[in-house]
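The values are calculated or read from the model by the stated rules, or taken from the named source; none is laboratory data. It should be emphasised that the depicted structure is a prediction, and the values quoted were computed from it without experimental measurement. Methodologically, a virtual Cβ is constructed for each residue, glycine included, from the backbone with ideal geometry; neighbour enumeration extends over all protein chains shown. For the accessible areas, the whole protein counts, side chains as well, though only heavy atoms, and no ligand, DNA or RNA atoms are used. Shrake-Rupley method; radii C 1.70, N 1.55, O 1.52, S 1.80 Å.
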Amino acid sequence: MLILRDDEAQAVVEAVRALGKAVIRDRVADYRARNEFPHDVHRALADGGLLGGLVPPEWGGAGMSYVTYVEMLEELSTFDHVMAGQAAHASGLLGAGILSFGTDEQRETFLRPLCEGTLHGSVAMTEPDGGSDVATMSTRARVDGDDYVIDGEKTFISHVANAEFFVTFAQSDPERGRKGICAFLVDRHAAGVEILPIDGVEVLRPHSWGQVYFDAVRVPAHRMLGRPGDGLKVALSALEQGRMAIAARACGAARECLAASVHYAKERVVFGRRIADHQMIQARLAEMASDIAASRVLVRHVAALKDAGHADVRAEAAMAKHRATEMLERVASSAISLFGAYGLTKDQPFEQYLLDAKAFQVAEGTTEIQRILIVRDLLDDHKDPLL
Ligand SMILES: Cc1cc2nc3c(=O)[nH]c(=O)nc-3n(C[C@H](O)[C@H](O)[C@H](O)COP(=O)(O)OP(=O)(O)OC[C@H]3O[C@@H](n4cnc5c(N)ncnc54)[C@H](O)[C@@H]3O)c2cc1C
């Protein structure tokens, strides 16, 4: 598929390819199997300026356009769609809330080192009673002197093993409902913070998943993100970026499935012919390629809208995430079929890709939630996402 790229995007894509070949390609199967976070790859991403994404250079970021950003994430995902998630942290919910709502001191303390690769953090939003309905949370924050005191429990939090801080959310005034939710930057080492790993994680390896408990954790008022009651705005501010990033990562992972399938189809001989010469295999490959191409177009469309200054791309981002993550499931499944029994062995990554497609469908808003967002615009008399 021909892709139109400006010089900035082309240079970044080429840099990612060089980095991927040099530091990821030969290592990824091993660190994925061990479920060990590759700190050297993380450092290489930082040194290559790839952790800074959309963040402006004045805060240590790369100041990429949205189109360059999704190109970068997709290309990186052809090598490793999980470490590509690291390149989305500073520009996603973790960093974007700090950029948009944080003070300069918070940006200096948290955002710049995130971009520079010297600090890790996690978003702790989901609670055991449900993640889709973020506004109904049980975690509480009460004022005590110059501090807030937080009590509650969060779960399914990614990257807990490395996280030095959490962007978390708590209800400070239940009577105000959604307007009572506050966002905080919480130090992992603060008294009362406890982390329990969720073991046996099979998705998005290398992945450390955990529960985070806040037991009367004192957080200084200057560690609130935004003003009291801004929590939901902080939480929702970066979801479009997060969804766009997941969609781009799904496209990159799917391209890798397709490339491996094309290669195998040309090598594998059955009934005296390369399977690439069997029409049903050709049809499968053609379906995979068109499926990927359609999702890539959707992702670039959202990014181009953002670059053109459209603030509300909620439905478009939802379409991209919904389509691309379902597409990855189909493409990974096709790769398994094409490889036959070999596709189900641990020598091949496709089973992992299939599981990761399911993880992508749930994280940052399930497929059902994406459909709800699309239909909301469709049913709104003042909006039509297809016009
Ligand atoms: C790989 C991975 C990483 C994650 N990392 C993080 C993280 O770092 N930080 C964090 O805070 N959370 C994280 N999560 C949690 C994630 O945000 C939640 O799992 C997600 O929001 C869904 O919440 P839930 O699992 O509680 O499902 P629920 O909200 O309980 O939903 C259950 C089912 O009901 C459906 N549903 C819900 N509402 C509706 C509706 N109105 N109409 C129709 N169907 C509906 C859902 O689609 C789903 O199928 C992660 C999840 C995954 C899979």
Jot down the per residue volume, in cubic angstrom and as a whole number, of the convex hull over the alpha-carbon atoms of region 56-110. 73 Å³
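Remind me, what semi-axes does region 256-387 give for its equivalent ellipsoid, largest first in whole Å, using sqrt of 5 times each Cα gyration tensor eigenvalue?
Its equivalent ellipsoid spans semi-axes of 35, 16, 11 Å.
Two decimals, Cα atoms only, Kirkwood Rh: what is Rg/Rh over the chain? Intermediate values should be presented prior to the final figure.
Values: Rg = 21.2 Å, Rh = 21.6 Å.
For the chain, the value is 0.98.
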Roughly what angle does helix 350-362 make with the longest principal axis of the chain, taking Cα atoms, 0 to 90 degrees, to the nearest 10? 40 degrees
By its C-alpha gyration tensor, with a ≥ b ≥ c as the square roots of the eigenvalues, how is region 174-324 shaped: rounded for a/c under 1.5, else prolate for a/b larger than b/c, else oblate? oblate
Report ³J(HN,Hα) in whole Hz for each residue of region 209-218, in order, from the Karplus equation J = 6.51 cos²θ - 1.76 cosθ + 1.60 where θ = phi - 60°; Gly and Pro get x. 10, x, 9, 10, 9, 10, 10, 6, 7, 8
Residue-normalised accessible area of the chain, expressed per residue, 1.4 Å probe, Å²: 45 Å²
With a point put 7 Å past each Cα toward its Cβ, work out how far Val297 is from Thr103 in nm, to one decimal. 4.9 nm
How high is the relative contact order of the chain? Use alpha-carbon pairs under 8 Å, at least six apart in sequence, and give a whole percent. 15 percent
State the Cα centre-to-centre distance between region 317-336 and region 122-178 in whole Å. 31 Å
Ranked highest first by the average count of other Cβ atoms within 10 Å around their residues, in what order do 109-120, 267-278 fall? 109-120, 267-278
Work out how much length Asp40 to His278 would gain on full extension: take 0.36 nm times their residue separation and subtract the Cα-Cα distance, in nm to one decimal. 81.4 nm
Any idea what angle helix 367-379 forms with the longest principal axis of the chain, computed on alpha-carbon atoms, 0 to 90 degrees, nearest 10? 80 degrees
Simple spin-label model, 7 Å along Cα-to-Cβ: Asp173 to Leu378 in nm? 3.8 nm
Looking at the chain as a GNM with Cα springs under 10 Å, which of Ala87, Ala44, Ala183 has the largest mean-square fluctuation? Ala44
Assuming a ≥ b ≥ c are the square roots of the Cα gyration tensor eigenvalues, decide whether region 283-359 counts as rounded (a/c under 1.5), prolate (otherwise, with a/b larger than b/c) or oblate. prolate
Of all trypsin sites (Lys or Arg not before Pro) in region 13-54, which ones are in loop regions per DSSP and have a Cβ with at most 16 other Cβ atoms within 10 Å? Arg25, Arg27
On a 21 Å Cα-Cα criterion, which of the cross-link pairs Lys154/Lys233; Lys321/Lys346; Lys21/Lys266; Lys266/Lys321 come out too long? Lys321/Lys346; Lys21/Lys266; Lys266/Lys321
Peptides 50-63, 337-350, 190-203 ordered by average Cβ neighbours within 10 Å, highest first: 50-63, 337-350, 190-203
